[in-house]
Amino acid sequence: LCQNKKNCPAQQETALRHFFKTLGTADGFGPRSLEILVAKGHISIPDIFALKKEDFFEMDFGEKQSENFEEALQTAIDTPTEDARFLCAFGIHDLGLGSCRRILKYHPFKTLADLSKEDFIAIDGFGEKTGVSISEQLQKRWSEIEQIYKLGFNLQATPLVKEQQVIESPISGKVVMFTGKMELGNRDDMQKKARELGATVLNSVSKKLEILIIGTKPSGSKLTKAKKYECEILSEEDYLALIKED
């Protein structure tokens with residue numbers, strides 16, 4: 001891995017692209033716009049969020065585009081965002097969205113910088129190497145993460161396992177996945193609802209998968225793997241009937 005993140009424009013642009021793409025709530029910050037911002041010396045997430053429309057205009061962006069950039073940054077702050085997605089957006093190695101969700105089920109967001117490698121190793125799915133790496137990276141990046149968080153981001157906290165009551169639902173404790181286009185609901189909303197009902201939601205088929213919910217034009221490879229692992233396969237309609245959602 002290239003460690004020259006402070007002085008390499010390509011690394012800086014990649015980190016910013018990952019942040020805005022993962023967060024998904026600030027329109028307009030595409031590769032070309034971020035390339036210009038980095039070239040003008042705005043190389044970090046705090047740098048970008050400190051900019052106003054006048055600053056964008058001085059960098060030769062149009063007046064309307066400059067206004068849109070400032071509005072987009074405020075929209076990103078105001079829009080309800082899953083805390084795991086916010087954490088994932090910082091691009092910490094070994095911390096994908098699923099890993100962030102696992103960590104935040106056991107430790108509140110504000111406590112992450114105080115966790116030891118042993119705290120991470122104790123969570124299912126994390127080994128000694130990743131535990132050490134994540135602990136060190138979080139402590140190193142926490143000042144930046146906290147600086148952005150304190151802008152007033154509307155973060156939706158992941159429910160802590162210790163605070164959750166036993167969830168009684170047909171999919172509680174099940175491992176599920178959605179594939180294909182959902183016609184009766186939004187996939188992100190359905191995944192969120194499944195988690196609220198006590199299910200673990202996967203993004204790829206594995207031996208742990210128990211239920212595959214398929215919409216229109218489902219992935220053939222995912223179907224094949226699901227059948228290989230003898231998963232239960234449900235249509236969107238059958239799934240909604242199972243959880244009694246109209």
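The values are calculated or read from the model by the stated rules, or taken from the named source; none is laboratory data. Here the structure is a predicted model, which is why all the values come from computation and not from measurement. With ideal geometry, Cβ positions are generated from the backbone for all residues, glycine too; neighbour counts draw on all protein chains shown. In case anyone asks, the SASA skips ligands and DNA or RNA and just uses the protein heavy atoms, side chains included. Shrake-Rupley method; radii C 1.70, N 1.55, O 1.52, S 1.80 Å.
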Checklist entry - With (1) in contact with a helix residue (DSSP H, G or I) (Cβ under 7 Å, 6 or more places away or on another chain); (2) acidic (D, E); (3) open to solvent by less than 50 Å² (accessible area, probe 1.4 Å) as the list, and E183 as the residue in question, which single condition is left unmet? => result (3)
Checklist entry - Residues in region 230-238: is at least one β-branched (V, I, T) and over 21 Å from the mean Cα position of the chain (by Cα)? => result yes
Item to check | Filter result for V176 (part of a loop (DSSP other than H, G, I, E, B), in contact with a strand residue (DSSP E or B) (Cβ under 7 Å, 6 or more places away or on another chain) and in contact (Cβ under 8 Å) with a residue 24 or more places away in the chain) | outcome: no
Item to check | Residue that is modelled with the highest pLDDT [pool: residues in region 149-180 that are within 13 Å of T200 (Cα to Cα), open to solvent by 30 Å² or more (accessible area, probe 1.4 Å) and aliphatic (A, V, I, L, M)] | outcome: V161
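Answer with yes or no whether F90 is outside any strand (DSSP E or B), in contact with an Asp or Glu (Cβ under 8 Å, 6 or more places away or on another chain), surrounded by 13 or more Cβ atoms within 10 Å (Cβ to Cβ) and touching a residue at least 60 places away in the same chain (Cβ under 8 Å). Working first, answer last.
Details: outside any strand (DSSP E or B): yes; in contact with an Asp or Glu (Cβ under 8 Å, 6 or more places away or on another chain): yes; surrounded by 13 or more Cβ atoms within 10 Å (Cβ to Cβ): yes; touching a residue at least 60 places away in the same chain (Cβ under 8 Å): yes.
Yes.
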Checklist entry - Could you list, in sequence order, the residues of region 123-148 that are surrounded by 11 or more Cβ atoms within 10 Å (Cβ to Cβ) and over 30 Å from D47 (Cβ atoms)? => result I123, F126, G127, E128, K129, G131
Next on the checklist: Checking the structure you have, find out if any residue of region 72-79 is of a type in the set (A, V, I, L, M), closer than 19 Å to I145 by Cα and outside any helix (DSSP H, G or I).
Outcome noted: no
Next on the checklist: The conditions are (1) free of Cβ contacts under 8 Å to residues at least 40 places away in the same chain; (2) open to solvent by 40 Å² or more (accessible area, probe 1.4 Å), and P108 fails exactly one of them. Which is it?
Outcome noted: (1)
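Taking into account only those residues within region 11-60 that are assigned to a loop (DSSP other than H, G, I, E, B) and β-branched (V, I, T), which is most open to solvent (accessible area, probe 1.4 Å)?
Going through region 11-60, the residues assigned to a loop (DSSP other than H, G, I, E, B) turn out to be 24-30, 40-44, 50-52, 59-60.
Narrowing the set further to residues that are β-branched (V, I, T) leaves 25, 43.
Values: T25: 27, I43: 65 Å².
This residue is I43.
Does F120 meet the test of being closer than 30 Å to P159 by Cα and either surrounded by 15 or more Cβ atoms within 10 Å (Cβ to Cβ) or in contact (Cβ under 8 Å) with a residue 24 or more places away in the chain (or both)? So that I can check it myself, show each step before the final result.
Values: closer than 30 Å to P159 by Cα: yes; either surrounded by 15 or more Cβ atoms within 10 Å (Cβ to Cβ) or in contact (Cβ under 8 Å) with a residue 24 or more places away in the chain (or both): yes.
So F120 passes the test.
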Checklist entry - What about V176, is it of a type in the set (A, V, I, L, M) and farther than 30 Å from L234 by Cα? => result no
